[in-house]
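Below is one structure; the comments refer to it alone.
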Amino acid sequence: MSQLSSKHVIGIEHLTVDDIQLILKTATQFKEIINRPIKKVPTLRDITIANLFFENSTRTRISFELAQKRLSADVINFTSSSSSVKKGETLLDTVNNILSMKVDMIVMRHESPGAAHYLAERVDAQIVNAGDGTHEHPTQALLDTYSMQEKIGDVKNKKIAIIGDIMHSRVALSNIFCLKKLGAEILLCGPSTLIPKHIGALGVHVSHNVDEALQWCDVANVLRIQLERQNTKYFPSLREYALYFGVNKQRLDKLQKEIVIMHPGPINRGVELTSDVADSEHSIILEQVENGVAIRMAVMYLLANKQA
Amino acid sequence: MHYLLKNTTILDSTSSYHQQKVDVWLKDGKIEKIDTAIQAEGAEIIDFSGCYLTPGFCDIYVNANDPGFEYRDDIDTIAQSALAGGFTTICATANNHPITQSKAQVEYIVNKAKHTAVHILPIGAITENFDGKSPSEMHDMHTAGAVAFSDVPHSIKDSGVLLRALQYVQPFNGLIISMPFDKTLVGEGLVNESAISVSMGMKGITNLSEYVAVQRDIELLRYTGGNLHLTGISTAESVALIRQAKTNLPENAHLTCAVFVHHLVSDENDVKSFDSNYKVFPPLRTQQDQQALIEGLKDGTIDCISTQHTPLNIDEKNVEFEYAQNGMIGLETAFGLLNSKLGNELSKEKMVELLSKHPRQIIQQPSNSDFVIVDFDTEHTVTEKTLHSKSKNTPYIGKTMKGKVKAVFSKGQFIVQP
């Protein structure tokens, strides 16, 4: 078993446990490489990868690009702040235009759930989903899992709390799929308007009390709250959110144990997370960023390997 | 024209030949004679052994798209699709451009349909520009030939507007058609709300968004009396509410309802692949909902079946699921799909009632001599080529179905299907 079962990485839901373990194991090797004085390897020489970002992103785009450069792939970037549909060209046209220039792999972020599925069924290139709307963000879940394992060992039977806007979070959904496959226990915590009614079907616990959630868990993955992107008001104010769901030092001090704090970034300091927590020794937020490059190198390396 | 149709079994409970195997003699656009063993000199003889002759099918919910969206379908191609599916009477929604909301627009459809072999009956808008506020000239449209009034695919949010529409059309025994849903509860939902919508990362559309509107519409009808037809019922709760309402509504309040073909043959599991051809509104629901709909058909709670025929161009469908428009074409696949799925659960008579007798009663059309000859056993596969609609937006292409329309007699024309 040294190959992925799938030609694409579109979502964690469709990866096998072996796929996930293989990616995590391969990432360890790449993490060692990117900490060497010479960080670049020739592994993906002559492979051309297009990064198509139809939605704003800084860190994910940079992380993918860096991973590609360290693997010696040829990289082109396409960014568009709004979706191509609104611009007048269809997604399929945009992608086929780029593929005509002999591109092997596409990394795509898109605002619409299922966009990566849509593309994978219609083009020959390999697809890496870098986030499709509120659906999945598989490399984020893999790097989160990798970072947890680095800190607390095997996640099997560990207790992971995911705190925040679950309903609009691809990070939450991919984390749930990934961690459940690896045998972790999951508790979701947030305002009741931001937790889908049927989420229990995924085999997770739900709480609306952040103190309870923190007391229960080994790791708290705190999500970014984005009031400005919601067309419907799901909670009254960021102030009230911070009061009832914000993770701060007072809350952590009350616990009779130490827990690990994670955040996919960018942080709204003072809203979901206060600075005294984000910058504390409990936080592995910057490790997540570093591991992101290794995970993405592993994913693209394994996909290219599959194709060859 | 001069035909002798041999050995077909009549399936029409109002006919004295019901359940009898007969010959039918067609001459000069009329049924000359029905009898056993007719001799008709000079007639082209076609043998329909094993086939059934039933009244022509009738669909109360068809988007004809003419005028305004002729690239999807027009009156002529809609008529061809209808005939291919055995429908001799169809109602064209007001969802055109411009919206059918005046006498002139009703007359346009009536006149254009005259040249086709199908009875295409216009539905007028309840409110001007579907704004949900200002009533359109329903009496005048009725006089010009509109058979019902509806703002589908929109629902009327303002209860007062719907109440006054139900009252206003009563002097001319008008029919109001409502597709019940509360838009504020639908929100940004794209698929049925369930564990599946969660896994797809999509906002769900709750059953609640439909049945609160069903309950409201029933109470409005209870107050006003008149004729209300609820179309596109998709949830178990709605079926239960309608079942109960039918036992206790006052005599002057006539409630009927329809279910769409695709809700009977597909369910939310089909959407998992993000195939936008399954994107419809109301969304495909759970298997439990589907079973409740079938029970509703069996016990008479649901009066008829509609197709919600919605032609859409490939560019309106072959996009990301979220951006794809709602709807699928349905006229040409309706009978095959229904018979394949429900052939063992519904009797042949019941199927014909749901497709022809009941919808005709709902839109108050007198019986005519239009008929369709169907074979309940022949298998055939739907392909893009066999579809007459300009649009090919159906997930059932490539599907093999049992049951085929063999011939249609409509408006004096006899058409044998290939």
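Hey, any hits in segment A:145-166 for a residue that's under 11 Å from the mean Cα position of the chain (by Cα), assigned to a helix (DSSP H, G or I) and modelled with pLDDT of 95 or more? There is at least one residue in segment A:145-166 that is under 11 Å from the mean Cα position of the chain (by Cα), assigned to a helix (DSSP H, G or I) and modelled with pLDDT of 95 or more.
One line per residue, one yes/no per condition, for (1) touching a strand residue (DSSP E or B) at 6+ places or on another chain (Cβ under 9 Å); (2) without any contact (Cβ under 8 Å) to a residue 60 or more places away in the chain; (3) of a type in the set (Ser, Thr, Tyr); (4) buried (at least 23 other Cβ atoms within 10 Å of the Cβ):
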{"site": "B:Pro359", "(1), (2), (3), (4)": "yes, no, no, yes"}
{"site": "B:Ser369", "(1), (2), (3), (4)": "yes, no, yes, no"}
{"site": "B:Val372", "(1), (2), (3), (4)": "yes, no, no, yes"}
{"site": "B:Lys392", "(1), (2), (3), (4)": "no, no, no, no"}
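With respect to (1) more than 14 Å from chain A (Cβ to nearest Cβ); (2) in contact (Cβ under 8 Å) with a residue 60 or more places away in the chain, the lone exception for B:Glu268 is condition (1).
For segment A:179-188, check the following and say yes or no: at least one residue is outside any strand (DSSP E or B), surrounded by 24 or more Cβ atoms within 10 Å (Cβ to Cβ) and at positive phi. Checked against the condition, which is being outside any strand (DSSP E or B), surrounded by 24 or more Cβ atoms within 10 Å (Cβ to Cβ) and at positive phi, segment A:179-188 yields no hits at all.
Residues in segment B:88-105 that are in contact with a Ser or Thr (Cβ under 8 Å, 6 or more places away or on another chain) and of a type in the set (A, V, I, L, M, F, W, C) were compared, and the one that is nearest to B:His115 (Cα to Cα) is B:Ala92. Selection of segment B:311-350 for residues being closer than 21 Å to B:Thr381 by Cα and surrounded by 23 or more Cβ atoms within 10 Å (Cβ to Cβ) yields B:Pro311, B:Met328, B:Ile329, B:Gly330, B:Leu331, B:Glu332, B:Thr333, B:Ala334, B:Phe335, B:Gly336, B:Leu337. Consider segment A:273-308 and keep the residues that are among the small types (Gly, Ala, Ser) and under 18 Å from the mean Cα position of the chain (by Cα). The one that is nearest to A:His8 (Cα to Cα) is A:Ala298. Where helices (runs of 4 or more DSSP H) sit wholly within segment B:313-392, those with at least 2 residues that are within 14 Å of chain A (Cβ to nearest Cβ) occupy B:314-317. Checked against the criterion of being buried (at least 18 other Cβ atoms within 10 Å of the Cβ), within 12 Å of another protein chain (Cβ to nearest Cβ) and touching a Phe, Trp or Tyr at 6+ places or on another chain (Cβ under 7 Å), segment A:117-127 has at least one qualifying residue.
For segment B:292-304, the count of residues that are within 14 Å of chain A (Cβ to nearest Cβ) and not charged (D, E, K, R) is zero. Taking segment A:243-308 as the region of interest, the helices (runs of 4 or more DSSP H) fully inside it that hold 1 or more residues being within 17 Å of A:Pro138 (Cβ to Cβ) are A:285-307.
Within segment B:120-152, the set of residues being buried (at least 20 other Cβ atoms within 10 Å of the Cβ), aliphatic (A, V, I, L, M) and more than 16 Å from B:Leu230 (Cα to Cα) comprises B:Ile120, B:Leu121, B:Met138, B:Met141, B:Ala146. Residues that are touching a residue at least 60 places away in the same chain (Cβ under 8 Å) and at the interface with chain A (Cβ under 7 Å from one of its Cβ atoms) within segment B:183-196 comprise just one, B:Ser194.
Is one or more of the residues making up segment A:268-283 loosely packed, with under 12 Cβ neighbours inside 10 Å and among the polar types (S, T, N, Q)? Within segment A:268-283 (the criterion being loosely packed, with under 12 Cβ neighbours inside 10 Å and among the polar types (S, T, N, Q)), the answer is no, since none of the residues qualifies. With a requirement of 1 or more residues that are closer than 30 Å to B:Thr381 by Cβ, the helices (runs of 4 or more DSSP H) lying completely within segment B:85-200 that satisfy it span B:195-199. Quick one: would you say A:Lys39 is in the same structural domain as A:Ala120 (by TED's automatic domain parsing) and either farther than 17 Å from A:Leu143 by Cβ or without any contact (Cβ under 8 Å) to a residue 24 or more places away in the chain (or both)? When the stated conditions are applied, A:Lys39 passes them.
When A:Glu136 is tested against (1) of a type in the set (D, E, K, R); (2) away from chain B (no Cβ under 12 Å); (3) closer than 18 Å to A:Thr16 by Cβ, just one condition goes unmet, and that condition is (2).
Tallying residues that are under 18 Å from B:Gly232 (Cβ atoms), within 14 Å of chain A (Cβ to nearest Cβ) and not aliphatic (A, V, I, L, M) within segment B:197-218 yields 4. When the residues of segment A:37-56 are filtered to those that are touching a strand residue (DSSP E or B) at 6+ places or on another chain (Cβ under 6 Å) and not small (Gly, Ala, Ser), which remaining residue is surrounded by the fewest Cβ atoms within 10 Å (Cβ to Cβ)? Per the stated criteria, the residue is A:Thr48.
Quick test for you: out of A:Arg239, A:Arg296, pick the one residue that is in the same structural domain as A:Thr60 (by TED's automatic domain parsing) and of a type in the set (D, E, K, R).
A:Arg296
Can you find a residue that is farther than 28 Å from A:Asn175 by Cα, touching a helix residue (DSSP H, G or I) at 6+ places or on another chain (Cβ under 6 Å) and either buried (at least 16 other Cβ atoms within 10 Å of the Cβ) or in contact (Cβ under 8 Å) with a residue 24 or more places away in the chain (or both) anywhere in segment A:14-25? No, because not a single residue in segment A:14-25 is farther than 28 Å from A:Asn175 by Cα, touching a helix residue (DSSP H, G or I) at 6+ places or on another chain (Cβ under 6 Å) and either buried (at least 16 other Cβ atoms within 10 Å of the Cβ) or in contact (Cβ under 8 Å) with a residue 24 or more places away in the chain (or both).
Count of segment B:287-337 residues, restricted to those that are over 30 Å from A:Asp93 (Cα atoms) and in contact with a Gly (Cβ under 9 Å, 6 or more places away or on another chain), is 11.
The values are calculated or read from the model by the stated rules, or taken from the named source; none is laboratory data. A quick note: this is a predicted structure, and the numbers were derived from the prediction, not measured. In this analysis, Cβ positions are derived from the backbone assuming ideal geometry, glycine residues included, and neighbour counts consider all displayed protein chains.
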